[in-house]
Amino acid sequence: MGAQYILALDADVEFVSFVDYNSFNDIGFDSSVIDIGAVSNFAFLTYESARNILTLNLLFVDIYHDIPLFKMFKSVKKFSYDRRTDQDILIKSIIYSTLSPQGISDNIIKLLSQFQDHFTQTAYIDNDEEID
């Protein structure tokens, strides 16, 4: 069996789910600033219960070294989320950005979550002042 690596999260942060997306632009990541041509990437959500927020995390893994290289980015923009109201099983999450009527990206990033019996859609929170 090969080496195993475990990502340690802060004590007050929980893993929620992996996230699907079409392009790095959809999740607000500028891929032109880093060489990511041959690396694997994983997008996932974490929940911080003290503030009832979700954070989008993007983990890059370069396995073409004797010891794999890891780099993780955390979104500065957050999604409001209250586990007390959405206690159902989370099946899938998708992040996408919207376009204006003129077809220009207005950089509003939205999270669509599919639960067992309903969907929720949330736009990111612009700044920390809006977070409880």
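Only one of S32, S75 is closer than 16 Å to S97 by Cα and either loosely packed, with under 13 Cβ neighbours inside 10 Å or among the hydroxyl-bearing types (S, T, Y) (or both). Can you tell me which?
Testing whether each residue is closer than 16 Å to S97 by Cα and either loosely packed, with under 13 Cβ neighbours inside 10 Å or among the hydroxyl-bearing types (S, T, Y) (or both) leaves just S75.
How many residues does the range 1-29 hold that are surrounded by 13 or more Cβ atoms within 10 Å (Cβ to Cβ), aromatic (F, W, Y) and within 29 Å of D66 (Cα to Cα)?
Selection size over the range 1-29: 2.
Could you run through the range 35-44 and say how many residues are surrounded by 12 or more Cβ atoms within 10 Å (Cβ to Cβ) and either in contact (Cβ under 8 Å) with a residue 40 or more places away in the chain or hydroxyl-bearing (S, T, Y) (or both)? Spell out how you get there, then give the answer.
In the first step, residues of the range 35-44 are kept if they are surrounded by 12 or more Cβ atoms within 10 Å (Cβ to Cβ); the result is 36, 39, 41-44.
Narrowing further to those that are either in contact (Cβ under 8 Å) with a residue 40 or more places away in the chain or hydroxyl-bearing (S, T, Y) (or both): 43.
Going through the range 35-44 one residue at a time, the tally reaches 1.
Quick check: is even one residue across the range 32-39 of a type in the set (G, A, S) and under 18 Å from the mean Cα position of the chain (by Cα)? Walk me through how you get there before you give the answer.
From the range 32-39, those of a type in the set (G, A, S) are 32, 37-38; that's our starting set.
Of the ones still in play, those that are also under 18 Å from the mean Cα position of the chain (by Cα) are none.
No, that holds for no residue.
Throughout, read-outs are computed from the coordinates displayed, never taken from laboratory work. These numbers were taken from a predicted model, which means no experiment stands behind them. Don't worry about glycine lacking a Cβ; one is built from the backbone with ideal geometry, like all the others, and counts go over all protein chains shown.
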